[in-house]
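Enquirer: What follows is a single structure, and I will ask about it in a moment.
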Amino acid sequence: MPTHVALAGATGNLGPVILNALLSASHKVTVLTRLGSTSTSRLQSHPNIAIKQVDFASVSSILPALAGVDVVISAVAADAIGSQNTLIDAAVAAGVTRFIPAEYGLDSANKKAIQLPIITAKFATQEYLNAKVKETGGRISWTAVANGWFLDWVLKETDFLLDVKERSATLFNGGDVKFSTTLLKDIAQAVVGIIEKREETRDRIVYVHSAVITQKQLIGYMKEKDGREWKTKVKNTKELLGELSEAVAKGDWRTISIVSPVIGCSDPEYGCDYTGYDDNQLLGIEQMKELDLRKLVEESM
């Protein structure tokens, strides 16, 4: 059944893909954007899209934009993850029944992962949502999405895991650690699936992945394709935690937002492999066949 949804963060890496999936599922979408922003000019024209400029620090500014909205989806950037409470307060005041916070990454139920700064902020948002669930007697509920890395984005747009252009890589904890990764389109499908399966996903984290991979596996696919050798070095969790501490001391949010998920996805103690407890079937996501994974990796070369 079509639902009226509000989406914050529609112009980032993930937001446009979520928006397209919502529209394909015939949902009505109110895009929330900052006052004075021109970024929404890049969005497609569609009869089911309404754009509302709001002050994200003001409940009274956000509240009118949520009139008639049943689900609020947050896909805000990493540096705004810790400031979603005002949007949550507005959602509660507007009578919204489901809030999907900006998680989209590591397992924030894992006790070690929670110690990473970016995950600490996500966990704090969950705690705030749980308080609102209690205050409202369950009138509002929440679902968070854990999906590991953005698989296609991290391969094609970054050198975090592999520097494909230079054929070089830092192998974290040796490069053989298995971790969950998800295509952007599958993350968007998870969001649509949550809207369709609200009882089954109430007040919890859902776990999804398109593939479970290792760094060495990806490098192997590329070497088989072009025969080129790779330059590699190894870095362990202790070294990464040292880099993270330095970044925190300097207030270097960019490094924090990179190193935190690198630690979480390269050390099994941080719960980086969702095999055996994923919600793929519930949310309509199929894991990639090896042939399709190889093709994606080769296309990033």
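The values are calculated or read from the model by the stated rules, or taken from the named source; none is laboratory data. No experiment lies behind these values; they were computed from the predicted model shown. Virtual Cβ from ideal backbone geometry, glycine too; neighbours counted across all protein chains shown. To get the accessible areas, we keep the full protein, side chains included, count just its heavy atoms, and leave off ligands, DNA and RNA. Shrake-Rupley method; radii C 1.70, N 1.55, O 1.52, S 1.80 Å.
Enquirer: Which aspartates and glutamates, on any chain, are close to K250 with Cα under 19 Å apart, when same-chain ones fewer than 8 places away are left out?
Expert: Filter leaves D79, E239.
Enquirer: At 20 °C and a viscosity of 1.002 mPa s, what translational diffusion coefficient does Stokes-Einstein give for the range 1-129, taking Rh as the Kirkwood radius over Cα pairs? Give it in µm²/s as a whole number.
Expert: 143
Enquirer: Which one, S245, M1, Q215, is farthest towards the positive end of the dipole of the chain when Lys and Arg carry +1 and Asp and Glu -1 on their Cβ?
Expert: The one lying farthest along the dipole's positive direction is M1.
Enquirer: Moving to a separate point now. If you build a Gaussian network model of the chain, linking Cα atoms that sit under 10 Å apart, which residue out of F179, F56, F160 swings the most?
Expert: Largest GNM mean-square fluctuation: F160.
Enquirer: Separate question: If I take all pairs of Cα atoms in the range 191-282, what percentage of them are more than 19 Å from each other?
Expert: 62
Enquirer: Projecting each Cα onto the charge dipole of the chain (Lys/Arg +1, Asp/Glu -1 at the beta carbon, about the Cα centre), which of S300, C272, V54 comes out farthest on the positive side?
Expert: V54
Enquirer: With all distinct Cα pairs included, what does the Kirkwood hydrodynamic radius of the chain come out to in Å, to one decimal, could you say?
Expert: By the Kirkwood definition, the hydrodynamic radius is 19.9 Å.
Enquirer: Roughly speaking, what is the centre-to-centre gap between the range 1-24 and the range 177-250 when only Cα atoms are used, to the nearest Å?
Expert: Taking the Cα centre of each part, the range 1-24 and the range 177-250 sit 22 Å apart.
Enquirer: For the range 29-115, which whole-number percentage of the solvent-accessible area (1.4 Å probe, protein heavy atoms only) is attributable to carbon and sulfur atoms?
Expert: Answer for the range 29-115: carbon and sulfur cover 50 percent of the accessible area.
Enquirer: Which aspartates and glutamates have a Cα lying under 20 Å from the Cα of K295, excluding residues fewer than 8 positions away in the same chain?
Expert: D152, E157, D159, D163, E166, D186, E224, D226, E229, E286
Enquirer: Packing-wise, with mean Cβ within 10 Å as the measure, how do 287-296, 258-267, 86-95, 224-233 rank, highest first?
Expert: Output ranking for 287-296, 258-267, 86-95, 224-233: 258-267, 86-95, 287-296, 224-233.
Enquirer: Here's another thing I want to ask about it. Please identify the helices of the chain, taking whole runs of DSSP H, that span at least 15 Å along their own axis as judged from the Cα atoms and have a mean Kyte-Doolittle score of -0.5 or higher.
Expert: 117-135, 184-196, 237-250, 253-264
Enquirer: What does the charge dipole of the chain about its Cα centre add up to, to the nearest 20 debye, if the Cβ of each Lys and Arg holds +1 and the Cβ of each Asp and Glu holds -1?
Expert: Roughly 320 debye for the chain.
Enquirer: Hey, got the Cα dimensions of the range 131-288 along the principal axes, in Å, largest first?
Expert: Taking max minus min along each principal axis of the Cα atoms, the range 131-288 gives 57, 40, 25 Å.
Enquirer: What does the accessible area per residue of the range 1-146 come to in Å², with a 1.4 Å probe and no ligands, DNA or RNA counted?
Expert: Counting only protein heavy atoms, the per-residue value for the range 1-146 is 41 Å².
Enquirer: From the square roots a ≥ b ≥ c of the eigenvalues of the alpha-carbon gyration tensor of the range 256-301, which class results: rounded (a/c under 1.5), prolate (a/b over b/c), or oblate?
Expert: Verdict is oblate for the range 256-301.
Enquirer: Dipole of the range 1-115, Cα-centred, from +1 at each Lys and Arg C-beta and -1 at each Asp and Glu C-beta, to the nearest 20 debye?
Expert: Dipole about the Cα centre, nearest 20: 120 debye.
Enquirer: Here is a follow-up. In what order, largest first, do H4, H46, H209 sit by accessible area if the probe radius is 1.4 Å?
Expert: H46, H4, H209
Enquirer: Out of every Cα-Cα pair in the range 82-136, what percent are more than 19 Å apart?
Expert: So the pairs more than 19 Å apart make up 28 percent of the total in the range 82-136.
Enquirer: Towards the positive end of the charge dipole of the chain, with charges on Cβ (+1 Lys, Arg; -1 Asp, Glu), say which of L161, T125, S83 has the farthest Cα.
Expert: S83
Enquirer: Please state the Cα pair-distance histogram of the range 141-191 with 10 angstrom bins from zero: what percent is in each bin?
Expert: The percentages, shortest bin first, are 22, 45, 24, 8, 1.
Enquirer: Straight-line reach from K52: which lysines have Cα under 30 Å away, leaving out those fewer than 8 places along the same chain?
Expert: K28, K122, K132, K134, K185, K197
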